[in-house]
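Nothing in this text is a laboratory measurement; each read-out follows from the coordinates by a stated rule. Keep in mind it's a predicted model, so treat the numbers as computed, not measured. In this analysis, Cβ positions are derived from the backbone assuming ideal geometry, glycine residues included, and neighbour counts consider all displayed protein chains.
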Amino acid sequence: MFPIKLGVFMTAITLIHSVFAEDIPNPPQALAFHGSDWPDFDAHVRRWSSYSAPKFTGVFKPRTEDELSQGVAYLAKTKQRFLATKAGGHGNSPTLGTTYNEVVQVNMENFRHVIFGKDGDKVTVTVGGGARMQDIIPRLHAEGREMTVGSFPCVGTHGVLLGGGMGRLMGKHGLMIDSLLRIKVALWNGTIVEASESSYPDLFWGIRGAGHNFGVVVESTFKTYPDEGGMHYNADMVFTDDSIDGVLETAMEVIEAGLEPSVFLILGYLFDETAMKPVLFINIVSAHDTEAGKSVSARFASSSSQGITRVHFNETLITFAELGSGAALPGVCANSLSQDLYTASSPSLFSPESMKAVYASYASFISANPAANRSILLFEAASPHVIASVPDDATAYPHRGKMVTNAIIQVTWDDESLNEVADAWGRETRNLLARPENSGYEKLYAYINYANRDEPLQALFGYEEWRWEKLSKLKREYDPEGYFDGYHGIPRVVEGWYGKEAAGAGSMQKPMSTPHEEL
Ligand SMILES: Cc1cc2nc3c(=O)[nH]c(=O)nc-3n(C[C@H](O)[C@H](O)[C@H](O)COP(=O)(O)OP(=O)(O)OC[C@H]3O[C@@H](n4cnc5c(N)ncnc54)[C@H](O)[C@@H]3O)c2cc1C
C-alpha cells in the first residue's frame, strides 16, 4: 500500500541528493536518514527476535522532537511505511514481520531521558519514548521511588506501556498505564499532541491498552510511589521432577486463596542442558512485605505428605534496582535468536493436569529439537484487585481483573529449519492451556504484548462491541492511512471486527481460518 523504493536512503546526510531515488522527494536536508549501506545500519536494525521480524530499508534517527515531527511528516507525505522502535526492539509479534516487509525504522534511541518532577503533591517521572527499563529502574531506585515496570532491563519502556504494562509490582500499583498522567505523541502526519484525561482524552483512552496503533511516543509522564525502604523479598526454588503434582496442586491452592498485593509468583519450566531434562522452578517476590513472601515460600517447602522435594531454596532481600536487573533469568535478553511467543490467561491457575502435560511435552519437544533448548515457559501470577479497581471502561486495556495468571510460552531456537516445528509446538501448547477446562475461561484472553498472530482480535482488545466501535473510530481519526497497523492493527471499520470472534478457546484446536493479521 505504501511502496518503499529500495536504495532511497543515503550513507551520510550530505549525500542525500546524489543517491536519492528520483520519484521520492529527498528528506529535509538536516534530518538523520540513513540507508542500508550506513556502517551502523546492522547495529541499528538488530532485534531481540529474528523470527518474522520487520525488514528495514533505512533508519531515521531523530535527535529532537522537532526532527521527529518533520521526519514523520516527510515519511507520510512520501507514503513510506515506518515503524517506531529500537528502544528495546523486543516486540516479537509476528504481525510486525508480516506487515512490514520493507519499512523505515524510526529509531528512538536519542529519546532515553528520565526526568523527575512534581505535579501537585505527586512525584512524577518523564520518560523518553526510546528509554529501556534499564534507564528508569536504577533512577527510580536512586530517588527512593517505584512504579510498575517490566521485569527485564533490556525491554523498551514504551512497547511495554502501550499494551498495558505488566510487572512484578502490578498487584500493588496496577498496570503501567494506570500510573500514566500524560503522553506526548507524534501523529502520522508529524503533528505533536499531548494526551491526558483533559487533552485528547479519547486518544489517551486508546493509547492505554491499544497504544501501538496511534502514533510515535515522544515521552510519557508517570506518577511514582514511595519505595518504602526499597527492599523486596525474593525467593528462588527448584524442585525434583516427581514433585510436579505436589507443586502444581499447592500453587493452585495458593493462587485460589488469593495472593497478597505485594506478591508476584512465577512458576516456570527451564531446560537443564547438562542433565538433559526440564527444571521446575518458582520465583516469589514480595514488595516490602517479607512475611507475605515467606508465607508463600513456606507452602512449597519439602513435604512428604504434599509430595514436594525442594532441592534448591534461596531467600534474599533485594533492591528495586536488583529486582529489575533480570538476574533471575540470565540470557533472556540475548538478541538475534528466533523467538516466538504464545499466551493464554486464567482467572486462577491453569489446571494442574494441563500444566503437567505441558511439562512432559516440553521435555519431548526439547529432546527432539535441542536447538530449541533455550525455550522457557512461565506462569506469572499476581493479585488482580488493584488493576480491577480501575473502571473497566476507563482505558482500552480490556482485561481488568481477568488475568490472575498469564502463561508465557517463549519458544527460542537458533536454526531456521525449525521455524515451523517451533511455531507449531508453541501454538499447540497455548491451545491446550487455553481450553476452557484448563484455563477456566470459555474464550481466549490474551495480553497483547505476549500475543502471537492467530488469536481473534477480541482476545486482545475485548469482546464487548462498544470497544470495537470506539477503537475503530479512534483508528479512523488518528491513523486514517494505517501507518501504525503493524503491531496487532485495529480495523478502521467496525465491520472488520464481526465474524472474526472465535467460538471459544476450544476452536483453536485447528488453525483459525481468520487469524487477526489477515483482517
Ligand atoms: C525479555 C522480555 C521481557 C518482557 N517482559 C515484559 C514485562 O515484564 N511486562 C510486560 O508487560 N511485557 C513484557 N514483555 C513483552 C513486551 O511488552 C513486548 O515485547 C514489547 O513489545 C516490547 O517493547 P519494545 O519497545 O522493547 O519493542 P519494540 O519492538 O521496539 O516495539 C514494540 C512495539 O511497540 C511500538 N513502540 C515502541 N516504542 C514506541 C514509541 N516510542 N512510540 C510508538 N510506538 C512504539 C513499536 O512500534 C512496536 O509496534 C517482555 C518481552 C521480552 C522479550
Could you derive backbone 3J(HN,Hα) for segment 436-442 from the dihedral phi with the Karplus parameters 6.51, -1.76 and 1.60 (θ = phi - 60°), listing whole Hz in sequence and x where the residue is Gly or Pro? x, 5, 9, 8, x, 10, 6
With an 8 Å Cα cut-off and a minimum separation of 6 or more residues, compute the relative contact order for the chain in percent. 15
What residues have an amide H closer than 5 Å to that of Arg182, excluding those fewer than 5 places away on the same chain, when H is modeled at 1.01 Å from N in the peptide plane? Thr221
Just tell me which lysines come within less than 24 Å, Cα to Cα, of Lys356; anything on the same chain fewer than 8 places away is out. Lys277, Lys402, Lys443, Lys510
In the structure shown, do any of Lys61/Lys118; Lys77/Lys184; Lys122/Lys294; Lys79/Lys223 have a Cα-Cα gap over 27 Å, and if so which? Lys61/Lys118; Lys122/Lys294; Lys79/Lys223
Grab the eigenvalues of the alpha-carbon gyration tensor for segment 269-344, scale each by 5, take roots, and send me the semi-axes largest first in whole angstrom. 25, 21, 12
Prolate/oblate/rounded call for segment 276-392, Cα gyration tensor, a/c under 1.5 rounded: rounded
For segment 228-238, in order, what is each residue's ³J(HN,Hα) by Karplus, 6.51 cos²θ - 1.76 cosθ + 1.60 with θ = phi - 60°, in whole Hz (x at glycine and Pro)? 6, x, x, 9, 10, 6, 9, 10, 10, 9, 10
What does the convex hull of the alpha-carbon atoms of the chain project to on average, in nm²? 23.0
Let's see if you can work this out: charge +1 on each Lys and Arg Cβ, -1 on each Asp and Glu Cβ, no other charges. What is the dipole magnitude of segment 114-226 about its Cα centre, in debye to the nearest 20? 240
Looking at the P(r) of segment 13-107, how many percent of alpha-carbon pairs lie beyond 20 Å? 34
Going residue by residue through segment 382-393, the Karplus relation 6.51 cos²θ - 1.76 cosθ + 1.60 with θ = phi - 60° gives ³J(HN,Hα) values, rounded to whole Hz and with x marking Gly or Pro, of 8, 5, x, 5, 5, 4, 6, 6, 7, x, 4, 9
Intensity falloff of segment 114-226 expressed as log10 I(q)/I(0), Debye formula with alpha-carbon point scatterers, at q = 0.20 Å⁻¹: -1.05
Can you give me the angle between helix 65-77 and the longest principal axis of the chain, using Cα atoms only, in degrees from 0 to 90, rounded to the nearest 10? 70
Debye sum, Cα scatterers, segment 345-444, no solvent: what log₁₀ I/I(0) at q = 0.21 1/Å? -1.02
Hey, any idea what Rg/Rh is for segment 231-450, computing Rh the Kirkwood way over Cα pairs? 0.95
